[in-house]
Amino acid sequence: MSDAAYGPAMNRVDTQPEAVPEPDATATSSAPPATRRARAIRTAGLWLAPVMIGLLALLFFFYYRGLQADGNSTVISALDWGDKLLPQTIRIVYIAFWSTVIVILVAVPLGIVLTRPAVRRISPFVLAVANSGQALPAYGLLVIFLGIMGQGRFTVIVALSLYALLPVLRNTMVGLDGVDRSVIEAGRGMGMTKMQALTRIELPLAVPIVIAGVRTALTLNIGMATLAFLIGGGGLGITIQTGLKLNQDPILIVGAWLVALVALSFDWLGAVAERVLKPRGL
């Protein structure tokens, strides 16, 4: 074809440049559709969880007010909010929080050390020791520490720390071992030291699995903290035990309901921490 055939078209291209299409959500995201859907579901669940917790708290409020209106003196005395329920709830939160903090301070550094080549050979032995905490019944573990350390909330915190050590330790090791070796080698090839590769590559990529272990430990600690009253640790187990002794289901329900609200709230906070600490793109 002659140049004349191209002339008009070339002139139109020069005088009217092609319009740039406006970006949309599918064009700007490089993630596969399945990955984007999974992220959207996780985000929706992260925001729906506090709504559900709020609804459960509101239902608890109406249920509690209804019990107060019934005029049963036994129930009213056992469920006094200022003198009994509130201090017991604060105590169970205190025990669960500090026992989980101790677990994190012990299990995460220990998991990092056990994944290093120099000490990897002793990791099965350490995991066996950590597993002994969950191999024992919760009540038996509390009794053992009662005999060693005496009564009190500090004894409960130490016992819970041993009881919940395994999930965080195991998840830390699994998360670090699951990091692609080629990514670490690429970082080392760029001049990173071993410590820099650990803090900038391995730990950030292992965060979701580590946080999952922490959330498991939180749930275990809150559930076991209801037994703290057996060795002088207080907590909502007192209310639950009172309901069992008096054969009063409303007292039992209120104590268990508050424990569930505390556990759900802590689990949601763990999900928020996982979302904040997780590297972008995962």
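Please treat every number below as a calculation from the coordinates, not as lab data. Just so it is clear, the model here is predicted, and its values are computed rather than measured. Cβ sites come from the backbone with ideal geometry, for glycine too, and all protein chains shown count toward neighbours.
Grouping the Cα pair distances of the range 31-277 into 10 Å bins from zero gives a pair-distance distribution of 7, 25, 28, 22, 12, 5, 1, 0 percent in increasing distance order. A simple packing score, the average count of other Cβ atoms within 10 Å per residue, orders the peptides 173-182, 49-58 as 173-182, 49-58, with the highest score first. Taking amide H atoms as placed 1.01 Å from N in the peptide plane, the amide H of Gln151 has no partner under 5 Å among residues 5 or more positions away or on other chains. Estimated at 0.36 nm per residue, the fully extended path between Arg188 and Ser73 surpasses their Cα-Cα distance by 34.4 nm.
Couplings for the range 80-92, taken from phi via the Karplus curve 6.51 cos²θ - 1.76 cosθ + 1.60 with θ = phi - 60°, read 4, 5, x, 8, 10, 5, 5, x, 5, 5, 4, 5, 5 Hz in order; Gly and Pro are left as x. The trypsin sites (Lys or Arg not before Pro) of the range 231-282 meeting both criteria, a DSSP state outside H, G, I, E and B (loop) and at most 14 other C-beta atoms within 10 angstrom of the site's C-beta, are Arg280. Phi angles across the range 266-277 convert, under the Karplus curve 6.51 cos²θ - 1.76 cosθ + 1.60 with θ = phi - 60°, into 3J(HN,Hα) values of 5, 5, 5, 4, x, 5, 5, 4, 5, 5, 6, 7 Hz, Gly and Pro given as x.
Per-residue Karplus couplings for the range 252-257, computed as 6.51 cos²θ - 1.76 cosθ + 1.60 with θ equal to phi - 60°, are listed in order as 4, 5, 4, x, 5, 5 Hz, Gly and Pro entered as x.
Extension gain, Ala135-Gln151: 0.36 nm per intervening residue step, less the Cα-Cα distance, totals 3.5 nm. With distances taken between every two different alpha-carbon atoms, the range 162-256 has a Kirkwood hydrodynamic radius of 16.3 Å. Could you compute the FRET efficiency for Leu105 and Tyr63, with r as their C-beta to C-beta distance and R0 at 35 Å, rounded to 0.05? Taking R0 as 35 Å, the efficiency between Leu105 and Tyr63 is 0.35. Sorted into 5 angstrom bins from 0, the C-alpha pair distances of the range 106-202 split as 2, 12, 19, 17, 14, 11, 9, 7, 5, 3, 1 percent.
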